[in-house]
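So the structure is just underneath, and the comments pick up after that.
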Amino acid sequence: MSRRQDIEIEFDPETGNYFIIWEPLVISLGRTKEGALEDLREAAHLGVDTFIDLKLKDIARGVS
């Protein structure tokens, strides 16, 4: 595993999936390296959307 906080792509021969490790969390997987990276992109977008939605709800309630 890298110590430079790089995004690493690993392969699990048991499941046949690639997975992403990012300091040191496994946060995505896919049948190909490209698929694993797309899964990471989708997870990141979902996380950003969730935090924005929560902040908008706080603002609407008068809590900022």
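Table: residues versus (1) at negative phi; (2) touching a Cys at 6+ places or on another chain (Cβ under 8 Å); (3) in a helix (DSSP H, G or I).
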residue	(1), (2), (3)
Leu29	yes, no, no
Ala36	yes, no, yes
Leu40	yes, no, yes
Ala43	yes, no, yes
Val48	yes, no, yes
Phe51	yes, no, yes
Leu54	yes, no, yes
Ile59	yes, no, yes
Gly62	no, no, no
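Take Ile9 and tell me if it is surrounded by 13 or more Cβ atoms within 10 Å (Cβ to Cβ), touching a strand residue (DSSP E or B) at 6+ places or on another chain (Cβ under 7 Å), of a type in the set (Val, Ile, Thr) and touching a residue at least 24 places away in the same chain (Cβ under 8 Å).
Considered against the rule, which asks whether it is surrounded by 13 or more Cβ atoms within 10 Å (Cβ to Cβ), touching a strand residue (DSSP E or B) at 6+ places or on another chain (Cβ under 7 Å), of a type in the set (Val, Ile, Thr) and touching a residue at least 24 places away in the same chain (Cβ under 8 Å), Ile9 comes out as yes.
Which of the residues spanning the stretch 12-26 are among the β-branched types (Val, Ile, Thr) and at pLDDT below 75?
If the condition is that a residue be among the β-branched types (Val, Ile, Thr) and at pLDDT below 75, then Val26 is the only one that fits.
The values are calculated or read from the model by the stated rules, or taken from the named source; none is laboratory data. Please read these numbers as outputs of a predicted model, since none were measured by experiment. Every residue, glycine as well, gets a Cβ built from its backbone with ideal geometry; the counts of neighbours run over all protein chains shown.
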